[in-house]
Every structure is written in structure tokens, then in C-alpha cells.
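K.L.:
First the structure, which I've put down as C-alpha cells, then a few questions once you've had a look.
The values are calculated or read from the model by the stated rules, or taken from the named source; none is laboratory data. All of these numbers come straight from a predicted model, not from anything done at the bench. Cβ coordinates were reconstructed from backbone atoms using ideal geometry, including for glycine residues, and neighbour counts include every protein chain displayed.
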Amino acid sequence: MTMRRLLLGLAVALAAGPALAQQPAVPGWAVGRPEGSTLAPHAPRLTVTPPDQVPVGALRLPPGFQAEVFAHGIPGARMMAEGPNGTIFAGTRAIGRVYAISRNPDGTTRTRIIAQGLAQPNGLVMIGNSLYVLAVNRVLRYDNIEANLDNVPAPVELTQAFGLPTDADHGGNHSWKFAALGPDGRIYTNVGMNCNICETDRDRFALLVSFNPDGSDRRIEARGVRNSVGMAHHPVTRELWATNNGRDWAGNDWPNDTLHRVRRMGEDHGFPFCSSGSADPQFNAGRNCSEFVQPAALLGPHVASLGMRFYTGTMFPEAYRNQIFIARRGSWNRERLTGYDVVVAHLDAQGNVTRLEEFMTGLRDDANQRFLDRPVDVHVMRDGSLLVSGEQMGAIYRITYRR
Amino acid sequence: MRPGHLLAAAVLAAALPHTAPAQDAARGAGLAADRCSACHGADGRSQIPDIPSLAGQQAGFITLQMILIREGIRHVPAMAAVAQGMPDRDIEDLAAYFASLPPAPPEDRRPRDAALASAGEALIGPRLCGVCHLPSLTGRDQIPRIVAQHEDYLARAMTEYRDGRRVGADAQMNGAMVGLSDADIAALAHYLAHRD
């Protein structure tokens, strides 16, 4: 019912706004596609993958690391958050569900669907005993959730308080959310670009923003970040870091997806004028890219760098402490596949990225140009193991280390 | 075709998950006889103007739509009870079955109106239908085949997308329908229904 209202709103907004109505009817993802190109987003898989088809055996890791299937049968699993009692919550996009995954004493897991029918409930954040779900233009708070997994009470509606742009405001582009809890107790999220690339209101779109948990006091943390679907605060410096998805249809190798370090609130990272540190061929508008904050690292062209976390556990070797694990969901806007892996951005003492390490590979089959799964998020568990969500196969992998 | 196009086409065809799910079309046939054929026709060819034929439809599209209906994201009152609680395996098997059937135009197709069809055809290019549905308009994966379908159904689907009463996995079709008049939609539906 709410979806229907939302859609009616979308239609009204689209019909009412003359500027919007004049936009070409081409789907957002295809705007700018060169004639003759057949590149298009890969189809999602929204049905259960039998456990024997979950490609855990294909995963490749550095020496000493092992991968196992933590949970499976969770179609579309994406962003993860952990409750105080150890429940792993997973958001989704098209299938509209939020999952709760709890561990049985024998090490197996039990998965419940705690919410469904939502518009792309991708952003999850846990504050105390409350789970916040950020869907498209909708924010819901599930209080005391872990005590009520079998009988989930109606959530507290915070949609109006947050006042996030609607899917129509976004023109259907980049309207889904990532959410993180800051060390200051605020909820950090993205407001993605309302197109692939265009002139836009730079106080409304391509932002990192934060709110009080009740939705008040919206603050722009960074401008000119095209679409971040992954962010985390450095455990020592408390600085905000974010991954970013670069624009499409500007070639196989430009721009790169990027990692961003936000040192001052509200600083400008340059989109749409500049991407991955250099001028956009169409939308530069005469701006000098050196006037903007430079990316902290280039993460590869079209790799879809999404969920990121600093490694704060003790299970992994010391060299990984406070380094950034990044899930790269994998490319569609490129003739040869890139990404489909987890990388580590290694930082020096000043917080400069010194190198990118390919950490979890094996899901991209270069010879046959196929992929086996699409990693979307990473999560450091309290025992120091690392969870990786695989959206395409509806599985969560767990990575451990033994000396 | 330039080599680049061939490469891109090869990439599109190949870049699918390695482990294809093992759908069982034969099992799907049994399920369809019980649950689908009364409305969608014994051979996936609907005899009811407002209900789509499913013969030859893309398996990915049928699967996606069934899940959107089951999950309460797409609202189709007549389908709600059928979809409620349907296991993924049943959905995949049904989709494999319908995809395996040869597509055919509706038997009760009304006579082709040349003026109406050409008005519809004139909208296909500007509306960029072929970007997603492919130039043949026979679809791919989760994007449906839209040719030789029931005209009434096509018109209703497009109207629902335009008016925000239907949604797919995203809002792309809603955007694609913006600004079309009822007459435009009628012309498109007529053209598509008559294209084989």
C-alpha cells in the first residue's frame, strides 16, 4: 500500500515537472550509451541457490586464510549489520527483504525474514538494541529487534523526519541507501547522483550526509561524491572514509571507482566536474580538478566498489589491523569484467593509501568472462572473522585465519 | 557488425553466473496445469484478452515478476493467492516450462489497423524500447518479450507503469512511459500485438 502511494507520488511528480517530463525515456543506466554497445546491467538472481552451487570452493585467499559458507538461501543479501547479541542483519534491493541470521549452538545458522515488501531496503544500521532500515525514501526503526525476531513488532516510522529524496526526485537513479553509525552517534548515509552524470543541485545530490538518529539536524559531510554505497569511520582518527562508484559510458578504463577520505566537514570531492582526479570530458565546466579533494585511492574502472570496513579484530595478522576491506561487486559497464572480489587498501601512519591488495578472488573467470558471485559488503565479527555477502548467490561467506 | 560489437555481444551473452540453476521444465508443466492454465491457457497461450500469454516468455522475467508479486512489491489481486508462499523452486520450474514453449500470437487478434500500427511503430525508436527489450523486442533475462502479446494486456501494463500502479525491480519502465497519452499507448499496444 505504501509502495503504491510512493509510486503514485512518483508518477505525479514525473508528470507534473516539465523538466523531468522532457527527459528522454531512455532508462537511466543507458543514458550516454554509445550506439552499438550491448553492455547492460547483469540480471539479479532472486531465488534460493542450492547450497551445493554456492561457489565457496572457488574462493582464493592469502596463505593461512580459509573461507566457509556462513549462511545461504538468502536471495539478494547485501549490506550487513550486527546486533549486540550477534544476530547478523542483511538488507537487499529488488527483493525488498531484510533478513536476520542467527547462529545455532552447532554452528549452523537460522535465517528469518523480518521485513519484506520494502523499496530496496539496502541501508542497515544498529544503534543499541534498535535496527534502523533505510529503504528508498523510507526510514524505519525496529526497537529491541533481537528479542522479537519471531514476532517483529511494527517499526517506528522515521521517514518524514529524515526527509530523504524520493525515487522520483532521483529520476530513478542511485536512490538506494547505505547507512553507517558514526563514532559521534549519528547516522551517516549517501544521497546518490540523480543521473549517470548531469548538471545537478550539488546541495541535494551526490552527497555524504549525516543525521541524528531521530532524523533531525541533517549535515552535509561531503559534496561531489557520485554514489557511495559503503562508508566507515577510521577506528583511530575517526575520519569518515567512503567508497564511490564512478560514472558510466566514458570508456572501459576511465574513470576509476574511488576511495574517499573526508577530513573536513562539507568539503568538495568534485563530481560531476571531475572523476578519479581528472576532468570529465563532458561536464568539467572549466573547473580545475586540483581545487577539489583528491581521491584517497583509485579502486579500478567500473568495479562497483561498495561495502567497506576497517579491520578492527585480532584474528587476522597484525598487518591487517585498521586497514580497509572493500567489496567490489563487479563491472557491467566494461567490455571485460573487473572486480568481483574483496581488496584491502593498506594505509601508512599518515593515513595515505600505500597499496591495494587483492584479498578474496576466484569469483571472476577471466578466460570465459563469467562471474560466480558478486560480493557487496564485508563485516568484521567480534571474533575477528570477516563476513562477505554474495548478492548473486544469496550467501554469506566467513573468512577466518589460522597461524 | 564491427569486431567491437561482436565482443560486446559475446560479453553480454557470457557474463552470467557460472552455475546455472537446475530448473525442471517438466515439473513446471505439472505445476502449470494445476495453477496457471485456467487463466494463462493450456499451452501458455492465454485466451483472455487482458491476461498475458506466457509461452516463450523470458524465464528470468517470469521468475522476477512472480517474486515481486509474492513479496508484495507488485500488486496483482488475481495473482496474490497463487503466488503466496510459492517456493522458489516452483517459480523457477514454472518459468523454465513457459520459456520452453513456442511463442505464438493470440488467436483472437483483431485485424491490423495499418495507421494505428504505424503510429505505434513510430514510437518504438524514440522511446528506445530496444535498449532493454533488444531490437527484436523479444527481451533478455529479466526483460520481457513484448511482441505478439495480447493487445489489451499490453495496453494495461503500459498504462499501469505510466500511472505508477506497477513497478518492476526498478522504476525504469515508469520512466520510459512518462508523457505517453492513452492514444500513444493504444498505438504501441496494437503495433506490438501484431509484430511477430
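K.L.:
Need the failing condition index for A:Leu207 against (1) out of contact with any Phe, Trp or Tyr (no Cβ under 9 Å at 6 or more places or on another chain); (2) surrounded by 17 or more Cβ atoms within 10 Å (Cβ to Cβ); (3) farther than 22 Å from A:Asp377 by Cα, just the number.
P.N.:
Failing condition for A:Leu207: (3).
K.L.:
Does segment B:116-123 include one or more residues that are buried (at least 18 other Cβ atoms within 10 Å of the Cβ), touching a residue at least 12 places away in the same chain (Cβ under 8 Å) and within 14 Å of chain A (Cβ to nearest Cβ)?
P.N.:
Scanning segment B:116-123, I find no residue that is buried (at least 18 other Cβ atoms within 10 Å of the Cβ), touching a residue at least 12 places away in the same chain (Cβ under 8 Å) and within 14 Å of chain A (Cβ to nearest Cβ), so the answer is no.
K.L.:
Further question on the same structure: Condition first: in contact with a Leu (Cβ under 8 Å, 6 or more places away or on another chain), assigned to a strand (DSSP E or B) and either facing another protein chain (nearest Cβ under 10 Å) or in contact (Cβ under 8 Å) with a residue 12 or more places away in the chain (or both). Now tell me which residues in segment A:354-371 satisfy that.
P.N.:
Across segment A:354-371, the qualifying residues are A:Leu356, A:Phe359, A:Met360, A:Thr361, A:Arg364, A:Asp365, A:Arg370, A:Phe371.
K.L.:
On to the next question. Checking A:Gly96 against (1) in contact with a His (Cβ under 7 Å, 6 or more places away or on another chain); (2) at pLDDT 95 or above; (3) farther than 14 Å from A:Val388 by Cα; (4) not hydrophobic (A, V, I, L, M, F, W, C), which test does it fail?
P.N.:
Result: A:Gly96 passes all but (1).
K.L.:
Determine, yes or no, whether A:Val229 is of a type in the set (A, V, I, L, M) and part of a loop (DSSP other than H, G, I, E, B).
P.N.:
yes
K.L.:
Please go through segment B:124-137 and pick out each residue that is within 14 Å of chain A (Cβ to nearest Cβ) and at positive phi.
P.N.:
Correct list: B:Leu128, B:Leu134.
K.L.:
Within segment A:141-164, is even one residue modelled with pLDDT of 95 or more, within 14 Å of chain B (Cβ to nearest Cβ) and surrounded by fewer than 22 Cβ atoms within 10 Å (Cβ to Cβ)?
P.N.:
For segment A:141-164, residues modelled with pLDDT of 95 or more, within 14 Å of chain B (Cβ to nearest Cβ) and surrounded by fewer than 22 Cβ atoms within 10 Å (Cβ to Cβ): absent.
K.L.:
Here is a follow-up. Being surrounded by fewer than 22 Cβ atoms within 10 Å (Cβ to Cβ), away from chain A (no Cβ under 12 Å) and either at pLDDT below 95 or assigned to a loop (DSSP other than H, G, I, E, B) (or both): is that true of B:Pro111 here?
P.N.:
yes
K.L.:
Okay, moving on. Quick check on this structure: which one of A:Gly286, A:Gly251, A:Gly215 is at pLDDT below 95 and either more than 21 Å from the chain's Cα centre (by Cα) or closer than 27 Å to A:Arg78 by Cβ (or both)?
P.N.:
A:Gly251
K.L.:
Identify, please: which residue in segment B:165-194 is within 8 Å of another protein chain (Cβ to nearest Cβ) and of a type in the set (A, V, I, L, M) and is, among those, nearest to B:Ile143 (Cα to Cα)?
P.N.:
B:Ala169
K.L.:
Can you tell me which of (1) surrounded by fewer than 24 Cβ atoms within 10 Å (Cβ to Cβ); (2) outside any loop (DSSP other than H, G, I, E, B); (3) within 14 Å of chain B (Cβ to nearest Cβ) is the one A:His42 doesn't meet?
P.N.:
(2)
K.L.:
Go through segment B:161-172 and report how many residues are farther than 19 Å from A:Leu46 by Cα, in contact with a Lys or Arg (Cβ under 9 Å, 6 or more places away or on another chain) and surrounded by 23 or more Cβ atoms within 10 Å (Cβ to Cβ).
P.N.:
Number of matching residues: 1.
K.L.:
Please give the strands (runs of 3 or more DSSP E) falling wholly within segment A:68-151 in which 1 or more residues are under 16 Å from the mean Cα position of the chain (by Cα).
P.N.:
A:80-82, A:88-90, A:98-103, A:123-127, A:130-135
K.L.:
Looking for whichever is within 14 Å of chain B (Cβ to nearest Cβ), touching a Gly at 6+ places or on another chain (Cβ under 8 Å) and either under 23 Å from A:Pro75 (Cβ atoms) or surrounded by fewer than 16 Cβ atoms within 10 Å (Cβ to Cβ) (or both) here; the options are A:Arg374, A:Arg336, A:Arg403. Which one fits?
P.N.:
When all the criteria are applied, what remains is A:Arg374.
K.L.:
With the condition being within 14 Å of another protein chain (Cβ to nearest Cβ) and buried (at least 18 other Cβ atoms within 10 Å of the Cβ), I'd like the helices (runs of 4 or more DSSP H) fully within segment B:45-100 carrying at least 2 qualifying residues.
P.N.:
The helices (runs of 4 or more DSSP H) meeting that bar are B:59-70, B:88-100.
K.L.:
How many residues are part of a loop (DSSP other than H, G, I, E, B) and either within 14 Å of chain B (Cβ to nearest Cβ) or within 15 Å of the chain's Cα centre (by Cα) (or both) when one looks only at segment A:377-400?
P.N.:
So the count comes out to 4.
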